[in-house]
Structures are given as structure tokens and as C-alpha cells.
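Chemist: First the structure, which I've put down as C-alpha cells, then a few questions once you've had a look.
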Amino acid sequence: MTSAPTKPAVSPTDRIRGIQRRTLAVLSAAQIVGGVGVAVGLALSSVVVDQLSGSTVISGFAGTATVLGAALLALPTAKASGRSGRRAGLAVAYLAALAGCALSVLAISLANWPLLLAGLVLVGGGSAGSLAARYSATDLSPKGHAGRHLSLVVWASTFGSVAGPNLARPADQIGREFGLAPTAGPFAFAALAFAAALVIVIGGLRPDPFKLARELTGTPATTSGGKRTIRTAWDTLRTIPTARRALVMIAVSHTAMVSVMSMTPVKLHHDGSNLDVIGLVISLHIAGMYMLSPVVGWLADKAGKVPVLLLGMAVLLAAAVLAGTAGHRVWQVTTALVLLGLGWSCGLVAGSALVTESVPLDRRPAVQGLSDLLMNVCGATGTIVAGAIVGGVGFGMLGLVVGVMVTVAGLWLAAAWRLRGA
């Protein structure tokens, strides 16, 4: 009588690899679903605020509200991650977005635009969750793979970002059939999307990657409050120049991208382009942001994070020059927007991977949360300043200002890398 063959024991390394593959799959799924929620919720937000308030000026606060919400929720998300793991942090972000969508539906039914802006602030939690998910992908990454793993989760955002706006009109029609007020349907649909992302994260992110990473390294859990989280992040940045430089590059990349991208539809409209052309240009820009992110992540791991950051500054400079000198040439504006997205991808992926690799595990959530906070604040500020520049001087001057900004940042990084290493 022969005994049944026994399965070979799974090594600890293979077990971690398997858990990491599952983690990446779960985070990518949450990114796709949550990305749909973000895109659907934002597709009509400015239009709805304009309709309720009767003011084009006030309608511009719709985008500002969501960016502000993403910034405000970055630290609570980081605090929850540091205390209880990535699952808890992402749950905070998606719960806030879910509540914001519900509040937005109520505000539309009451025709109350201030309440709608308050809801949009909470909807910004969807963006906060999307940004936090990329860091969650790196907790169990083997050495030298942070860029690739992070970029896969960023790449997954493509599907939601592209599909979301196209679902706004059907969602509105379905919402009306269920008795919702006109334009409330997209926010109700976004609420369902965020609820699905919440379920995916809570049910699928097991074991929690950050908790497991703490166990493997013997790192204690963080028990500090919100103010302590900020203090920890600043203290870390003061003592780790590499992390400080990475955060600056992320902020510069995002500011450059948002500043030019936000004013491009206005420029094209003033030049006589129709909505189809404007939509195509923005779609190609989004493709530039996300489609090549796995290639950027692979390059960051192979060639180094700082070289890819410098490449990103160079690409952003080229985008700024092309945009600022485009005149009425739509093809040149389109090329500039594609390069703008690619430069942003280099800055976000390589910068985020560099933050992860340069900061000790116990301080990562705090620094990562501060990174997302600064990124969103700079983006909101860039949008406001860009509007003032274009309104007062013109789109060409915006290209010049952005070009000077990325050039100075690139030279500063190159000098620091050459003198001190990074």
C-alpha cells in the first residue's frame, strides 16, 4: 500500500510573492471600480453647480472642492494606514467618497449648491483612495520592484478614467427612471462604484500588506494622532534628503500637469475647436498619463528613480514649450498634452517609488500621506494661478512659467544627485 504523494512545502518567499500578486490584483480591481466613481462623479459636477448656482464663477469651485477633499483626506487615510493597515486607510477614503456622493444626491434634490460643494469635498476621498492605493502596492515589493508594482496600480486607473465620463449620461437616465432628480443619477452611480471598491478592499486585501510587512520586519504599529502624523512626516523629510527631493518632484510634476491641462480646453474653445476635438485631446492626454506607466515603472527600477525623474522634467519642459508656442495648431497642442501626461507619469511613479524605498517602514504612511496632501494642494494652487496667467497674459505665458518651473526643479535635482547621490 503506497502513501499519497505529499505536496512540496511552500517557501516563505514564494508565499509572500503569492500574497503580493493577490494584493496587486485586489488594488487594481479597486482602482478600476473606484476610478469609475471618481470620473462619473466629476463628469457633470461643474455643470450641476453652474445650474444650481446660476454662476459660472461658482461652477469653477466644483473641481476645487474635490481637489481640496483629496488633500484633506490624505492625512486621515495615512493615519488609519499607520495604525491599522492599508485596508483601514483605503476604507476611510472610500467611505468618505460614498458619503459625499449621497450628500451630493441630496443637495441636487434640494437644489442647494453649497451643500453640493460640501458633498464634492467628501467625494475627493475617491481620489485620495486612488493615490493611497499606489503606495499600498509597494509594502511587500521585493527590493528593486517598487516602481513596477506601483505603476501597475496606477495603470489600472486608466480604465475607470476613460470609462467613467461615458457612463454619466446613461446613469442620469437610469436615475430619472428611479425617481431621482435630473443630474443626480451619476452621483448615485458613483456611490455604488465607491461601495464596490470598499467591498473589494475590505474583503480582498487579506492579509493586509502593511500589517504583514510590519510583522516580517518586526516594526511596531503607529499609535500617534493626526498632528503627530504631520510632525513625523516633516521630521523624516528633514533627515532624509532623498525623500524630500522625491516629494518636491512629485509636487512639481503634478502642478505642471494640472496647470496646463486645466486651461487647455479653454484655449481650444477660444481657438474655435468643438467639443469633440476638445474631448479627443483630453482623452489622449489621459492616455499619456496612464497607458505607459508600467513601462515607466520598469524603467525606474532598472535605470534608477532619479534618472527617470530627470527624464520626466525634460518631457514636461518639451510639453510646456510645445503648448506655449502652439498658437492655433491643434496637432501641436495635442502633442503637448500627450507629453504632459507622460512627464507626469514619470514624476508620479518614480517619485512615489523613491519615497517608498528611502523612508523606513514605520514612517512611510505619514510621509506618503503628506506627499499626497502637498500634491493636491499644489495642484489646486496651480489651477488657480494658471487661470490668472491665461486670463491676464495668455496661454503662451503659462507655457513659459511651467517651463521655467520644471527646468529649475530638474537642475536642482541633477545638482543634488551629482553632489550627494540620491
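The values are calculated or read from the model by the stated rules, or taken from the named source; none is laboratory data. Here the structure is a predicted model, which is why all the values come from computation and not from measurement. Every residue, glycine among them, receives a Cβ derived from its backbone with ideal geometry; neighbour counts consider all protein chains shown.
Chemist: With the checklist (1) of a type outside the set (Ser, Thr, Tyr); (2) at pLDDT below 80; (3) out of contact with any helix residue (DSSP H, G or I) (no Cβ under 6 Å at 6 or more places or on another chain) in hand, flag the one item Val48 doesn't pass.
Modeler: Exception for Val48: condition (2).
Chemist: Kindly provide the set of residues from the stretch 20-35 that are under 15 Å from Leu150 (Cα atoms) and among the hydrophobic types (A, V, I, L, M, F, W, C), ordered by number.
Modeler: Residues satisfying the conditions are Leu24, Ala25, Val26, Leu27, Ala29, Ala30, Ile32.
Chemist: Hey, Gly89 hits all of (1) touching a Phe, Trp or Tyr at 6+ places or on another chain (Cβ under 9 Å); (2) not in a helix (DSSP H, G or I) but one; which does it fall short on?
Modeler: (2) is the only condition that Gly89 fails.
Chemist: Being surrounded by fewer than 23 Cβ atoms within 10 Å (Cβ to Cβ), part of a helix (DSSP H, G or I) and either of a type in the set (Gly, Ala, Ser) or on the phi > 0 side of the Ramachandran plot (or both) narrows it down to one of Ser273, Ser283, Ser259, so name that one.
Modeler: That would be Ser283, the only listed residue that is surrounded by fewer than 23 Cβ atoms within 10 Å (Cβ to Cβ), part of a helix (DSSP H, G or I) and either of a type in the set (Gly, Ala, Ser) or on the phi > 0 side of the Ramachandran plot (or both).
Chemist: Do we have Arg228 as without any contact (Cβ under 8 Å) to a residue 24 or more places away in the chain, surrounded by 14 or more Cβ atoms within 10 Å (Cβ to Cβ) and more than 21 Å from the chain's Cα centre (by Cα) here?
Modeler: On the way: without any contact (Cβ under 8 Å) to a residue 24 or more places away in the chain: yes; surrounded by 14 or more Cβ atoms within 10 Å (Cβ to Cβ): yes; more than 21 Å from the chain's Cα centre (by Cα): yes.
In short, yes.
Chemist: Also, I was wondering about something else. How many of the residues in the stretch 190-212 are part of a helix (DSSP H, G or I) and either at pLDDT below 90 or of a type in the set (A, V, I, L, M, F, W, C) (or both)?
Modeler: Of the residues in that region, 15 qualify.
Chemist: Continuing with this model, one more query. Give all pairs with beta carbons closer than 7 Å in which a residue from the stretch 168-191 that is assigned by TED's automatic domain parsing to the domain that holds Ala97 and over 23 Å from Gly126 (Cα atoms) meets a residue that is surrounded by fewer than 15 Cβ atoms within 10 Å (Cβ to Cβ) and hydrophobic (A, V, I, L, M, F, W, C); count only pairs at least 6 apart in sequence or on separate chains.
Modeler: Qualifying pairs under 7 Å: none.
Chemist: Right, here's the next one. Out of all the residues in the stretch 269-322, which are of a type in the set (D, E, K, R) and in contact (Cβ under 8 Å) with a residue 60 or more places away in the chain?
Modeler: Going through the stretch 269-322, the residues of a type in the set (D, E, K, R) turn out to be 271, 276, 301-302, 305.
Within the stretch 269-322, Asp301, Lys305 qualify.
Chemist: Still on this structure, please answer the following. Name the one entry in Val258, Val266 that is assigned by TED's automatic domain parsing to the domain that holds Gly392, more than 16 Å from the chain's Cα centre (by Cα) and either touching a residue at least 24 places away in the same chain (Cβ under 8 Å) or within 15 Å of Ile389 (Cα to Cα) (or both). Can you show your working first?
Modeler: Details: Val258 fails: more than 16 Å from the chain's Cα centre (by Cα).
Testing whether each residue is assigned by TED's automatic domain parsing to the domain that holds Gly392, more than 16 Å from the chain's Cα centre (by Cα) and either touching a residue at least 24 places away in the same chain (Cβ under 8 Å) or within 15 Å of Ile389 (Cα to Cα) (or both) leaves just Val266.
Chemist: Might you check whether a residue that is under 20 Å from Ala190 (Cα atoms), within 16 Å of the chain's Cα centre (by Cα), in a helix (DSSP H, G or I) and in contact (Cβ under 8 Å) with a residue 60 or more places away in the chain occurs anywhere in the stretch 42-59?
Modeler: So far as the stretch 42-59 goes, yes, one or more of its residues are under 20 Å from Ala190 (Cα atoms), within 16 Å of the chain's Cα centre (by Cα), in a helix (DSSP H, G or I) and in contact (Cβ under 8 Å) with a residue 60 or more places away in the chain.
Chemist: Any residue that is assigned by TED's automatic domain parsing to the domain that holds Ile32 and over 15 Å from the mean Cα position of the chain (by Cα) - is there at least one of those in the stretch 148-156?
Modeler: Checking the stretch 148-156: at least one residue is assigned by TED's automatic domain parsing to the domain that holds Ile32 and over 15 Å from the mean Cα position of the chain (by Cα).
Chemist: Still on this structure: Would you check if Val355 is of a type in the set (Val, Ile, Thr), under 23 Å from the mean Cα position of the chain (by Cα) and crowded, with 24+ Cβ neighbours inside 10 Å?
Modeler: Yes; evaluated as a whole, the condition is true for this residue.
Chemist: Find the residue count for the stretch 213-235, including only residues that are in contact with a helix residue (DSSP H, G or I) (Cβ under 7 Å, 6 or more places away or on another chain) and at pLDDT 80 or above.
Modeler: Number satisfying all stated conditions: 6.
Chemist: Would you check which residues across the stretch 164-189 are of a type outside the set (A, V, I, L, M, F, W, C), surrounded by fewer than 17 Cβ atoms within 10 Å (Cβ to Cβ) and assigned to a helix (DSSP H, G or I) and list them? I'd like the intermediate steps shown before the answer.
Modeler: Step one: filter the stretch 164-189 for residues of a type outside the set (A, V, I, L, M, F, W, C), giving 164-166, 169-170, 172-173, 175-177, 179, 182-183, 185-186.
Then drop every residue that is not surrounded by fewer than 17 Cβ atoms within 10 Å (Cβ to Cβ), which leaves 166, 169-170, 173, 176-177, 179, 182.
Within the stretch 164-189, Asn166, Arg169, Pro170, Gln173, Arg176, Glu177 qualify.
Chemist: When the stretch 132-150 is examined, which residues are found to be in a helix (DSSP H, G or I) and closer than 12 Å to Leu27 by Cβ?
Modeler: Selection gives Ala132, Ala133, Arg134, Tyr135, Ser136, His149, Leu150.
Chemist: Can you spot a residue in the stretch 295-303 that is at negative phi, assigned by TED's automatic domain parsing to the domain that holds Val402 and not in a helix (DSSP H, G or I)?
Modeler: No; the residues of the stretch 295-303 include none that is at negative phi, assigned by TED's automatic domain parsing to the domain that holds Val402 and not in a helix (DSSP H, G or I).
Chemist: Does Ser161 count as surrounded by fewer than 20 Cβ atoms within 10 Å (Cβ to Cβ), hydroxyl-bearing (Ser, Thr, Tyr) and part of a helix (DSSP H, G or I)?
Modeler: Numbers: surrounded by fewer than 20 Cβ atoms within 10 Å (Cβ to Cβ): no; hydroxyl-bearing (Ser, Thr, Tyr): yes; part of a helix (DSSP H, G or I): yes.
Against the criterion (surrounded by fewer than 20 Cβ atoms within 10 Å (Cβ to Cβ), hydroxyl-bearing (Ser, Thr, Tyr) and part of a helix (DSSP H, G or I)), Ser161 does not qualify.
Chemist: Leu216: outside any helix (DSSP H, G or I), over 24 Å from the mean Cα position of the chain (by Cα) and either closer than 30 Å to Thr13 by Cα or among the aliphatic types (A, V, I, L, M) (or both), yes or no?
Modeler: Judged against the criteria, Leu216 is not a match.
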